[in-house]
Amino acid sequence: MKRREFIINSALALGGVALMSGCGKKEVKKAENQVVKRKFDNLEIPLIALGCMRLPMRDGKIDMVELDKMVEYAMEHGANYFDTAYMYVEGKSENAIGEVLKKYPRESFFLTDKNPAYLVNSPEDVHKIFNEQLKKCQVEYFDNYMVHNINKNTIKNYRDNDMYGELLKLKKEGKIKHLGFSFHGDPDMLREVIKEHKWDFCQLQINYLDWEVINAKELYEIADEANVPVIVMEPLRGGGLCNLPEKAAEKLKDDCPNDTQASFGLRWVTSKPRVFTILSGMSNLQQLKENIDTFTNFREFTEAEEKTAHEVAKIIQSQGAINCTACRYCMEVCPRGINIPAIFGLYNVYKSNGNGFMFKVNYEALKENERADKCINCHLCSKNCPQGLDIPALLKKVDAEVKVAADKR
């Protein structure tokens, strides 16, 4: 390993110790092509942002060398908005992005973090977690900060501990520039939350598939009617809209030959004017470059493409895939350590290509304790699922199909 790689990767292993300090702040070199931006408050925000839930990994650890390259490329092209959270990458995301961003002048980037409602049991917890996050990210303030993941299981914590009120105090101290929330509940709950307080923005899961199959359209319209700016998460549904079923992929290629599956999905989200930035979890430099290219050589979404999006979504639905975004919230509470996102991902690929042999081969490559048949039907995962999936029932379905899949090629 090169000396530079050793130093950068060691920094994370030591919990974000500033091994690279003393180098001075890094000058941001501006590339000729800059990503398009949208207005938010009095700011110009890049329309594409780096979501730090799916960072580059190597040997089971965050690849700090690759992340360093990704951030540098993003900064050079004006994609200077970064979004992390307390539990991302098993609690290591904040340390990682903080270690890389500390090299740049603080005013040269936007950094967003979130306070996990499910861990807050007192008003004091709000401040304890917040201060820990400032330290991990090595900053003195967050540009945007959220109550994280308001849903039917966390809304009591959010209300009982007055998370909004406590965070508003931090905003008045200048430690939070804009205050919002991320949301995984139903439309009625969103209406309540938006009306309860004055929010600067909200973060919603919106993509052209969820617009059809769940309530993304209604959620967006509620925020739009309330004049609350929107950040979009899961624009590609955890990568699912980059791995379309064959028929859907053919339809998209025929109708939109100048788009990749990723660029089409990202451009679709830009057709919603209330959206001011789109979070994309990019796992390597190549993905980042492709996404930035979409927004430096930007094309407005057309009515004809809207029709294609609708038809592609219908094809996807007909394949019988599981609506999992691989957020891994289920993994946080599973007492058996079942690899739920991997199981559903393998199943969705099988439903896409019909190759039962490879489905069974890849499924059996999982550790035995991680497989679907180890489910004890406790339903903790379902309670933590942003998509509201009946995960135990779906695991049972996958287990039944994998036993006969080898006969289907």
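Values quoted throughout were computed directly from the atomic coordinates according to the rules given, and no laboratory measurement underlies them. Quick caveat, the model's predicted, so the values are computed rather than measured. Here the Cβ positions follow ideal geometry from the backbone for every residue, glycine too, while neighbour counts run over all protein chains shown.
Odds and ends about this structure:
- Remark: for residue pairs Lys152/Lys198; Lys156/Lys383; Lys247/Lys383, the C-alpha separation exceeds 24 Å in Lys247/Lys383.
- Net dipole in debye of the chain [+1 Lys, Arg Cβ; -1 Asp, Glu Cβ; about Cα centre; nearest 20]: 820
- What separates the Cα centres of region 205-230 and region 151-168 is a distance of 22 Å.
- Fewest-first sequence of Lys92, Lys156 by Cβ atoms within 10 Å of each Cβ: Lys156, Lys92
- On Cα atoms only, tilt of 216-225 relative to the major axis of the chain in degrees: 30
- Ordered by the number of other Cβ atoms lying within 10 Å of each residue's own Cβ, fewest first, Leu366, Leu134 fall into the sequence Leu366, Leu134.
- Cα long-axis angle, helix 340-353 against the chain (0 to 90 degrees, to the nearest 10): 50
- Pairs beyond 30 Å (Cα-Cα), from Lys69/Lys128; Lys30/Lys136; Lys26/Lys136; Lys136/Lys171; Lys29/Lys251: Lys69/Lys128; Lys29/Lys251
- Footprinting exposure proxy ranking of Asp254, Asp160, Asp125, fewest other C-beta atoms within 10 angstrom first, gives Asp254, Asp160, Asp125.
- Nearby lysines by direct alpha-carbon distance to Lys360 (threshold 20 angstrom, same-chain neighbours under 8 apart not counted): Lys351, Lys374, Lys396, Lys397, Lys403, Lys408
- Angle in degrees between helix 285-296 and the longest Cα principal axis of the chain, rounded to the nearest 10: 80
- Extension gain (nm, one decimal) between Leu119 and Glu32, 0.36 nm per residue minus Cα-Cα: 26.9 nm
- For the pair Val404 and Lys289, a Förster radius of 30 Å applied to the C-beta separation gives a FRET efficiency near 0.10, rounded to the nearest 0.05.
- Extreme residue, positive dipole direction of the chain, given options Thr260, Leu288, Asn149 (C-beta unit charges): Leu288
- Positive-pole candidate from Ile206, Tyr86, Leu394, dipole of the chain, charges at beta carbon: Tyr86
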